[in-house]
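J.: Take a look at this one; I'll ask things after.
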Amino acid sequence: MNPYIVLTVIAIYFIVIYTISYISSRKVDNAGFFVGNRQSSWYVVAFAMISSSISGITFISVPGMVAEKSFSYLQMNLGFVVGQFTIAFVLVPLFYKMNVVSIYEYLENRFGMSSYKTGAWFFFISKMLGASVRLFLVCVVLQLLVFDPLNIHFIFNVIFTIGLVWLYTFQGGVKTLIWTDTLKSVCLIVSLALCIYFLASSLNYTPVTMVSSIFNHKYSQMFFFDDVNDKRFFFKQFLAGVFVMIAMTGLDQDMMQRNLSCKNSKDSQKNMVISVISQFFIIVLFLMLGVLTYTFAELNGITVDKSDQLFPKIATGGYFPMIVGILFIVGLISAAYSAAGSALTALTTSFTIDILGATRKNGEAGVKRIRMATHVGMTVVMGVVILIFEALNKTSVVDAVYILASYTYGPILGMFAFGILNKSKIKDKYIPYIAIAAPIICYILDKNSEQWFNGYQFSYELLIMNASFVYIGMWFIKKR
């Protein structure tokens, strides 16, 4: 695909996004940046959350992963639904009752300053790594389509990509993101549906034969109950899905920042229920797209080095009318920049409030000045982390995201679980040591599991183990 066409599509898309950003960010104060003044309509947030939850990784990696994991990802998504309901009816009322801006303020109120700072720092590490690896995938695709043909080095690709994200989020924060994400959700859904349509048409499928062919395909197996050592084993995937959702949404400042922008807890609950059900069916469509993609590749002798490269290669390789490549670019940037923009906003919020404590020491003008400087700093750090991933990348991107989450979100999940399920006070000063020790123990177990546990391989249930170690550690330091 011609690199100038790709750049033109991106330019038009961002002109529209920046226009929305400018209109929605006028007269935005700090409360508007952090929680949208708690005036967002629940149905708008629910629709916007589709593009927030579905990143560029989903758009590229999920269709590619069906060859190795079939439809087993749906087992995890069933867990996501249960986890989202838990967040909606347990955590959301708690956060609204406390009227928090940063959800980690709960840890300070419940345990003390050490717990608060530990939770904030683990979120910072988690979100920075997770957001960077997601945006890294977009940079890889843009490098293939645009920057390599123009002989431009990867570092300029990163500067370009990060700069675009910073430009439309630095002023309006959450208030802007709700509206820009609504547009991105429209683009994402339309792009996905039309890509499926063009692929099915090229294979001469009617809607009925398409569905029949997909669900009779060897890659369409959904449930795996036979081998407990298999990473696709149902209960591993389902339980991991429940706790990954609780950790990566309910205990994630990025995702909860939007949910807490609704007018009250009941509106936030309605938003969360509708959005998770919508996301489940969209993941089904991505997996169906994956089967169609592999079917087309087999018929046309198309091969790739990595599964993540298959859908981009077919969509932009001249096999279809140019509109398919354009739709792919629109869908990719809709998903990817939404996730990156919201992550940057959440990192700025958490660092400003939790780590720097700006709202405790400064007035409105001082907080704004610190917040804008922090936003620039977060952008630079994210760019550096992307360059490090580019140097070290040796695994599939979906796996990388969930593996990182298992190690970094586990301590946060353990602390919140102990706070909600146990009424005891703890010796707060020991929390950082427990939070650091738990992921190290998990790493040792993961690396030796096959030898120590009869061939057993850990999957994303490492997150549950990590949280459990933190919970147990907190039990031992509780005040008698």
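The values are calculated or read from the model by the stated rules, or taken from the named source; none is laboratory data. No experiment lies behind these values; they were computed from the predicted model shown. All Cβ positions, glycine included, derive from the backbone under ideal geometry; neighbour counts span all protein chains shown.
J.: Enumerate the pairs (first residue in the range 279-290 and free of Cβ contacts under 8 Å to residues at least 40 places away in the same chain; second residue anywhere and assigned to a helix (DSSP H, G or I)) with beta-carbon separation below 8 Å, excluding pairs fewer than 6 apart on the same chain, so at least 6 apart or on different chains.
T.: Hits for this filter: zero, empty list.
J.: One residue is enough: does the range 304-327 have a residue meeting the conditions surrounded by fewer than 23 Cβ atoms within 10 Å (Cβ to Cβ), of a type in the set (Val, Ile, Thr), at pLDDT 75 or above and not in a helix (DSSP H, G or I)?
T.: Yes: one or more hits.
J.: What is the one condition in (1) in contact with a Lys or Arg (Cβ under 8 Å, 6 or more places away or on another chain); (2) of a type outside the set (Lys, Arg); (3) closer than 21 Å to Asn466 by Cα; (4) modelled with pLDDT under 90 that Val397 does not satisfy?
T.: Condition not satisfied by Val397: (3).
J.: Would you pick out the residues in the range 438-474 that are more than 20 Å from Phe243 (Cα to Cα) and modelled with pLDDT of 90 or more?
T.: From the range 438-474, those more than 20 Å from Phe243 (Cα to Cα) are 444, 447-456; that's our starting set.
If the condition is that a residue be more than 20 Å from Phe243 (Cα to Cα) and modelled with pLDDT of 90 or more, then Ile444 is the only one that fits.
J.: Looking only at residues in the range 377-392 that are of a type in the set (Val, Ile, Thr) and over 13 Å from Arg134 (Cβ atoms), which one is modelled with the lowest pLDDT?
T.: Just the residues of the range 377-392 that are of a type in the set (Val, Ile, Thr), to begin with: 379-381, 384-386, 388.
With the extra rule that they be over 13 Å from Arg134 (Cβ atoms), the set shrinks to 379-381, 384, 388.
On the way: Thr379: 85, Val380: 88, Val381: 87, Val384: 88, Ile388: 82.
Step by step, filter the range 377-392, then rank; the result is Ile388.
J.: Please determine whether any residue of the range 36-45 is within 25 Å of the chain's Cα centre (by Cα), at pLDDT 65 or above, surrounded by 18 or more Cβ atoms within 10 Å (Cβ to Cβ) and of a type outside the set (A, V, I, L, M).
T.: yes
J.: List every residue pair whose Cβ atoms lie under 7 Å apart, where the two residues are 6 or more positions apart in sequence or sit on different chains, the first residue falls within the range 251-262 and is closer than 18 Å to Tyr116 by Cα, and the second residue, located anywhere, is in a loop (DSSP other than H, G, I, E, B) and of a type in the set (S, T, N, Q).
T.: Here the result reads Gln253/Ser102, each pair linking the range 251-262 to a residue that is in a loop (DSSP other than H, G, I, E, B) and of a type in the set (S, T, N, Q).
J.: What is the number of the single condition among (1) surrounded by fewer than 23 Cβ atoms within 10 Å (Cβ to Cβ); (2) closer than 21 Å to Ala346 by Cβ; (3) of a type in the set (A, V, I, L, M); (4) in contact with a Leu (Cβ under 8 Å, 6 or more places away or on another chain) that Leu94 does not meet?
T.: Going through (1) surrounded by fewer than 23 Cβ atoms within 10 Å (Cβ to Cβ); (2) closer than 21 Å to Ala346 by Cβ; (3) of a type in the set (A, V, I, L, M); (4) in contact with a Leu (Cβ under 8 Å, 6 or more places away or on another chain) one by one, Leu94 breaks only (4).
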